[in-house]
Amino acid sequence: MSRKKRIVKQIKISKKALTVFMSLVVLLSGVTEAIYCAGGPEWTVALLMWIPAISAFIAAGVAMADNKDRFNPIKHFRYVGIKFCNPLYVLLAVVIPFIYLFIPYRIYWTMHPENFSYNGVSFDVVLKDLALYTVIYVLISLITAIGEEIGWRGFMLPAIMQRIGDKGALAFVSIFWCLWHFPLLIFGGYMEGTPLWYQLAAFTLCIFPVGIIAGVLTFKSKSVWPAAFLHAAHNAYDQTVFGVITKGEDRMFFVSETGVFTIVFAWIIAVIAFVIFVKNNKKNI
């Protein structure tokens, strides 16, 4: 089946709807980020993460009107990618961040055992100790992660794909996602621990491939849920599990979202996912 035919089968997102989405995201995110960076309350971060979803729901309404679709909640959800999917994609979405985050942290703990809070403790004990804690925080993180993903992968990715194709959309949305974080990196104290020039470059090199992985899962599952779980798992593993039990002034150079080890493993998985995606697409042509 050709790419053109595949696009026709998808819900059509009008240029006006995409413009509404992009305008709302930029405007509302800019205001919210400014409030937070000026010393606003912590809950503004949660609001910020839901702005892509709010913008997507509004833009989806515009798209429905342009398509002359009668409004109903189920169809509205479909316009932003909220659909049932094969649960194996969700499982894969939870496992993948564990791989590209745990291995770098494990390497760093081996390099600097004094910076590992469980130093000297049997590793099977560590895993048992963190297992339930990890599951709970993935579910908690999902509350905000789904807000971003409804916007990025649920609405924006298919809308961009209809204009520049699969590969272009994967790259465009991923880089937009990176840039969306820049005000928090520059002014908000997010991912501190390295010089700003390194921080911006490393963050982009790390999050771009994560965006590719999330996009591939979205295309394959035809649902936003795998991307949402991947995003939630990524945040939970890094910020509330592995990061909490890791010390060291140099750790941000090696692990987390600016670490060279994380960058390497995220790119390895992204390349594998992209190659598989492209090969599968060729088989369907």
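The values are calculated or read from the model by the stated rules, or taken from the named source; none is laboratory data. This structure is a prediction, so every number in the text was calculated from the model and none was measured. Note that we place each Cβ from the backbone using ideal geometry, even for glycine, and neighbour counts take in every protein chain shown.
Just to be sure I understand, how many residues within region 25-41 are without any contact (Cβ under 8 Å) to a residue 40 or more places away in the chain and in a helix (DSSP H, G or I)?
Result for region 25-41: 6.
Checking the conditions here, which among Ile164, Ile150, Ile146 is without any contact (Cβ under 8 Å) to a residue 60 or more places away in the chain, of a type in the set (A, V, I, L, M) and assigned to a helix (DSSP H, G or I)? Quick ask: steps written out before the conclusion?
Working: Ile150 fails: without any contact (Cβ under 8 Å) to a residue 60 or more places away in the chain; Ile146 fails: without any contact (Cβ under 8 Å) to a residue 60 or more places away in the chain.
Within the list Ile164, Ile150, Ile146, the selection yields Ile164.
Suppose we filter Thr258, Thr240 for residues that are β-branched (Val, Ile, Thr), out of contact with any strand residue (DSSP E or B) (no Cβ under 6 Å at 6 or more places or on another chain), farther than 30 Å from Ile11 by Cβ and surrounded by fewer than 20 Cβ atoms within 10 Å (Cβ to Cβ); which single one remains?
Thr240
Conditions tested, residue by residue: (1) touching a residue at least 60 places away in the same chain (Cβ under 8 Å); (2) in contact with a Ser or Thr (Cβ under 6 Å, 6 or more places away or on another chain); (3) in a helix (DSSP H, G or I).
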site	(1), (2), (3)
Tyr190	no, no, no
Gln199	no, yes, yes
Phe203	no, yes, yes
Cys206	yes, yes, yes
Val210	yes, no, yes
Ala214	yes, no, yes
Leu217	yes, no, yes
Lys220	yes, no, yes
Leu230	yes, no, yes
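Is there a residue being at positive phi, outside any helix (DSSP H, G or I) and touching a residue at least 12 places away in the same chain (Cβ under 8 Å) anywhere in region 252-263? Let's see the steps before the verdict.
Residues of region 252-263 that are at positive phi, as a first pass: 256.
Checking the rest, the ones that are also outside any helix (DSSP H, G or I) come to none.
No.
If the requirement is being in contact with a Lys or Arg (Cβ under 7 Å, 6 or more places away or on another chain) and either on the phi < 0 side of the Ramachandran plot or among the hydrophobic types (A, V, I, L, M, F, W, C) (or both), which of these qualifies: Ile54, Ile11, Ile74, Ile35?
On the way: Ile54 fails: in contact with a Lys or Arg (Cβ under 7 Å, 6 or more places away or on another chain); Ile74 fails: in contact with a Lys or Arg (Cβ under 7 Å, 6 or more places away or on another chain); Ile35 fails: in contact with a Lys or Arg (Cβ under 7 Å, 6 or more places away or on another chain).
Only one candidate qualifies: Ile11.
If we keep just the residues of region 79-136 that are outside any loop (DSSP other than H, G, I, E, B) and of a type in the set (S, T, N, Q), which is surrounded by the most Cβ atoms within 10 Å (Cβ to Cβ)?
Start the filter on region 79-136 by keeping residues that are outside any loop (DSSP other than H, G, I, E, B), which leaves 79, 87-111, 113-116, 123-136.
After this cut, where a residue has to be of a type in the set (S, T, N, Q) as well, the list is 110, 115, 134.
Details: Thr110: 9, Asn115: 16, Thr134: 19.
Applying the filter and picking the extreme gives Thr134.
Taking Ile186, is it farther than 30 Å from Tyr79 by Cβ, among the aliphatic types (A, V, I, L, M) and either over 19 Å from the mean Cα position of the chain (by Cα) or at pLDDT below 95 (or both)? Walk me through it before giving the result.
Details: farther than 30 Å from Tyr79 by Cβ: yes; among the aliphatic types (A, V, I, L, M): yes; either over 19 Å from the mean Cα position of the chain (by Cα) or at pLDDT below 95 (or both): yes.
Judged against the criteria, Ile186 is a match.
Tell me which residues, restricted to region 34-76, are out of contact with any Asp or Glu (no Cβ under 9 Å at 6 or more places or on another chain), of a type in the set (S, T, N, Q) and closer than 23 Å to Cys178 by Cα.
Ser55
Among the residues of region 264-285, write down those that are closer than 25 Å to Leu196 by Cβ and surrounded by fewer than 23 Cβ atoms within 10 Å (Cβ to Cβ).
Result: Val264, Phe265, Trp267.
Across region 254-285, what is the total count of residues that are within 21 Å of the chain's Cα centre (by Cα) and either among the polar types (S, T, N, Q) or over 18 Å from Ala93 (Cα atoms) (or both)? Full working, then the answer.
Here is the first cut: in region 254-285, the residues within 21 Å of the chain's Cα centre (by Cα) are 254-278.
Cutting the leftovers down to either among the polar types (S, T, N, Q) or over 18 Å from Ala93 (Cα atoms) (or both) gives us 254-256, 258-262, 264, 278.
Total meeting the criteria: 10.
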